[in-house]
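Notes follow once the structure below has been shown.
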Amino acid sequence: MIWQLDLSILTLIVICAFATIMVKDLLSAAIIFGAYSFLMCLLWTEMGAVDVAFTEASVGAGVSTVLFFAAVHQTTRRVRTRKSGRMLAKVFALMAALLTGLVLIIAETDFPGFASPFTPASLHLSPYYITQSLHDTNVPNIVTSVLADYRGFDTMFETAVIFTAGLAVIAILRRYKRDDRCDLPEPYVISEGYPDTIIRFIARQLAPFIQLFALYVVAHGHHSPGGGFQGGVILGASFILLAISYDSRMIIGIMSERLNILLGNIGVLIYAGIGFLCLLLGANFLDYSVLSKVLPATDKIMARSHGMLGIEIGVAIAVMAIVISIYLNIISHGKYDKG
Amino acid sequence: MRYIYTFLIMFGFWILLSGKFDLFHLTLGVISSGLVSLISADLFMYDPQSRNHLTTGVRFLLYLPWLLFQIVLSTLHVTFLALHPKMKEQIDPTIVTFKTNLKTDIAKVALANSITLTPGTITIRVEDQVFYVHAISRKAAAGLPGEMEERLAKVFESD
Amino acid sequence: MDIVVIVLTVIALLFFFATTVGLLRFPDFYSRMHAAGKGDTLSSLVILLALVLYNFHEINLANLLVAMKILLIAVFIFMASPTATHAIIDAGYESGIKPWAKNPEEESP
Amino acid sequence: MDSFFIGTGVALCLLMLLTLHRAIHGPTAIDRIMGVNVIGTKTTILLVIIGTIYHRVDMFIDIALAYALLNFIVTIAASRYFQQHKNLNPKGYGYRFPAEDD
């Protein structure tokens, strides 16, 4: 913690948050929200939460802002504001917010002090993770071992939640019939856009580097910040970059819809399959240490490390496929024809 | 051929990133770079004419110091303009167009980005061979396309 | 060595400051883009160079790799920054922003 | 030396505050993109500086590298929006300031 930086970044964040709410144009709100996410990442880095910061970096810069733009692109930029005159409702809302805040502040006194070393969590569980996880799993990054091994079951269902989100987007937006187009609202002029040589060239050159960087993040989740989720998002972002600079047909050419959905399923299946493999080998679900019976040249500890790598790969594949399919659905109104 | 080039570049990038030289991580690196070159080699090295990449690369590296010098000049120029008390008398923005003789994509992109990085000019768009350039003063506009085009033609198109 | 690092960092901060002042003072979108696109590239390169020098205090493999990674960041900024500048200014041109002219009556588009 | 880098970081934050003025007050949405792009570059550098302060650059460098690669995508996406829509400041957009009542 460096309090000078802490203070200045927090000030910027508060300004950004207010601006995001105050601005009426949705596109500008999305842009300022991008700045907010940059600053949030800085704050987390500064507090030492490197993995969280990495997630914010990849999701905020790579995907969420782009998805906001795509959504605004397909709908409208206008915020419908109510005329004033509902003073009573506003006063009521203010009262409710203040009351809730008051209750929360009162409840806060029951919590242990901030970062106190005497809370139950930091007395028993955290020291075990900090001292034993390297010995147990041979993975230096504690966050990875906690997420993928000690809490593996939890993380599996987090992946399932992401998968469900992708399914929901497909279910809502995807249309198969050609005729039910919904036309854009009136004030917009949409042109195809000029095929820009420079952007295309640079995007083409950068995309393989982004992909390799994503794979590096997945593979080195054990030693440095990052892991399956971040790597998957960055991998998806590289395809989105190609789709933005060329056309969504481009990435459909590389990765068709069928393949994409298949990959999403395969990712989740790899995760669950490793779990069932452990079950078959006679241990608990997702207890990787028995994998040493199958994998060559590993003892029990290295097997846990490799098992984690396996599920990270599963998570990465699932996340990548789902990010791409969400983007494609939003940008093309679920028709997969333009973008 | 282009798969092999891409694979080698990607593997070099992997070694820089990874910094672990045990067998396990190197194997992962080989697999990843193979995967990436399989997916996007035809994107990375999309080039209709096959040319000697190596000499082009060396000549481009020789071009870079001159470009860096131009970037320093341009930053000083912007600094001077921004801190000048009567800035509005110094600038006189115009949009100029000119036609270039460069043909390949890479040469045009290098020219456009070099124009963006040199003092007082930014490329707005490139339509086939016509460049639209925004210049911040008449003096900067008069210097276009300048010696940059000749240098780039020497780098990319003399074989 | 420390003195070199400090001098480079101060130079970069000066350029950043000029960039920001330019961003606030220039009269129209296009000239603001000049400030944003150019000042940032060089000052990022300079400050990253300073950080490379600072982190390279003793020569071993790990330090070398970190230095190479910082240089990689510099390379990517060097590739991406002019392109981003170009993308933004092209978008502005496409949506029809009029450039600021010194003598409005003299200009006829 | 650490305090020097902390000072540098705080100075960068102050510059970000000034840039944020451009990012928030517009006047057009493209100016906002420009401001956010500049903030993104500064973020990349601040990440490396924070790593230097903690003496663990090898941990923080990956995030900075991710930003150097991904900051580009946001800018491209935003500018593609304008290349296709072409209307920059349609009527009725702006701030919810009392002067600009609608």
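Set side by side, the residues D:I24, D:I61, D:I6, D:I49 differ, and just one is more than 9 Å from chain C (Cβ to nearest Cβ) and either over 16 Å from the mean Cα position of the chain (by Cα) or not in a helix (DSSP H, G or I) (or both), which is D:I6. Residue-level check: of (1) polar (S, T, N, Q); (2) within 11 Å of another protein chain (Cβ to nearest Cβ); (3) free of Cβ contacts under 8 Å to residues at least 60 places away in the same chain, A:S224 misses just (3). Among residues of segment A:300-324 that are surrounded by fewer than 24 Cβ atoms within 10 Å (Cβ to Cβ), those with a Cβ under 7 angstrom from a residue that is modelled with pLDDT under 85 and not in a helix (DSSP H, G or I), sequence gap 6+ or separate chain, pair up as A:I301/A:N138; A:M302/A:N138; A:A303/A:L295; A:S305/A:N138; A:S305/A:V139; A:S305/A:H222; A:H306/A:L295; A:H306/A:T298. A single member of C:I6, C:I59, C:I11 is β-branched (V, I, T), over 21 Å from D:G35 (Cβ atoms), more than 9 Å from chain B (Cβ to nearest Cβ) and not in a helix (DSSP H, G or I), and it is C:I59. Summed over segment B:82-118, the residues that are farther than 24 Å from C:F78 by Cα and of a type in the set (V, I, T) give a count of 5. Selection over segment B:96-116 of residues that are farther than 24 Å from B:Y63 by Cα and in contact with a helix residue (DSSP H, G or I) (Cβ under 8 Å, 6 or more places away or on another chain) gives a count of 1. Quick check: is even one residue across segment A:262-275 within 14 Å of another protein chain (Cβ to nearest Cβ) and within 30 Å of D:A77 (Cβ to Cβ)? Yes.
Would you check which residues across segment D:19-54 are hydrophobic (A, V, I, L, M, F, W, C) and closer than 15 Å to A:I9 by Cβ and list them?
Hits for segment D:19-54 are D:L20, D:I39, D:I45, D:L46, D:L47, D:I49, D:I50, D:I53.
Put simply, of A:S8, A:S28 the only residue that is facing chain D (nearest Cβ under 8 Å), assigned to a helix (DSSP H, G or I) and over 30 Å from D:V57 (Cα atoms) is A:S28.
Checking segment D:67-86 against the condition returns a match, with at least one residue being touching a residue at least 40 places away in the same chain (Cβ under 8 Å), at the interface with chain C (Cβ under 9 Å from one of its Cβ atoms) and small (G, A, S). For segment C:22-47, a residue qualifies if it is at the interface with another protein chain (Cβ under 7 Å from one of its Cβ atoms), farther than 13 Å from B:H77 by Cβ and in contact with a Leu (Cβ under 6 Å, 6 or more places away or on another chain), and the qualifying residues are C:R32, C:A36. Exactly one residue out of A:A61, A:A53, A:A35, A:A19 is within 7 Å of another protein chain (Cβ to nearest Cβ), in contact with an Asp or Glu (Cβ under 9 Å, 6 or more places away or on another chain) and small (G, A, S), and it is A:A53. Scoring B:G57 on the criteria (1) more than 8 Å from chain C (Cβ to nearest Cβ); (2) farther than 19 Å from C:G22 by Cβ; (3) at pLDDT 80 or above leaves a single failure, condition (3).
Residues in segment C:68-86 that are more than 21 Å from B:T118 (Cβ to Cβ) and within 9 Å of chain D (Cβ to nearest Cβ): C:K69, C:I70, C:L72, C:I73.
Do the conditions hold for A:A219, that is, is it under 27 Å from A:L167 (Cβ atoms) and either modelled with pLDDT of 80 or more or surrounded by fewer than 21 Cβ atoms within 10 Å (Cβ to Cβ) (or both)? Full working, then the answer.
Numbers: under 27 Å from A:L167 (Cβ atoms): no; either modelled with pLDDT of 80 or more or surrounded by fewer than 21 Cβ atoms within 10 Å (Cβ to Cβ) (or both): yes.
Considered against the rule, which asks whether it is under 27 Å from A:L167 (Cβ atoms) and either modelled with pLDDT of 80 or more or surrounded by fewer than 21 Cβ atoms within 10 Å (Cβ to Cβ) (or both), A:A219 comes out as no.
Each row is one residue, and each column tells you yes or no for (1) aromatic (F, W, Y); (2) in a helix (DSSP H, G or I); (3) modelled with pLDDT of 85 or more.
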| residue | (1), (2), (3) |
| --- | --- |
| C:R32 | no, yes, no |
| C:I47 | no, yes, yes |
| C:L51 | no, yes, yes |
| C:I70 | no, yes, yes |
| C:F76 | yes, yes, yes |
| C:D90 | no, yes, no |
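Sort out which residues of segment B:107-128 are surrounded by fewer than 20 Cβ atoms within 10 Å (Cβ to Cβ) and either modelled with pLDDT of 75 or more or in a strand (DSSP E or B) (or both), and write them in order of number. Scanning segment B:107-128 gives B:A107, B:E127.
Scanning segment C:35-89 for residues that are β-branched (V, I, T), under 28 Å from A:R204 (Cβ atoms) and surrounded by fewer than 18 Cβ atoms within 10 Å (Cβ to Cβ) returns a single hit, C:V75. Look at segment B:117-135: where a residue is in the same structural domain as B:V72 (by TED's automatic domain parsing) and a partner is crowded, with 23+ Cβ neighbours inside 10 Å and acidic (D, E), sitting 6+ places away or on another chain with Cβ atoms under 6 Å, you get B:I124/C:D90; B:R125/C:D90.
The values are calculated or read from the model by the stated rules, or taken from the named source; none is laboratory data. Treat the numbers as computed from the prediction; the structure is a model and nothing was measured. Glycine also receives a Cβ, built like all others from the backbone with ideal geometry; neighbour counts cover every protein chain displayed.
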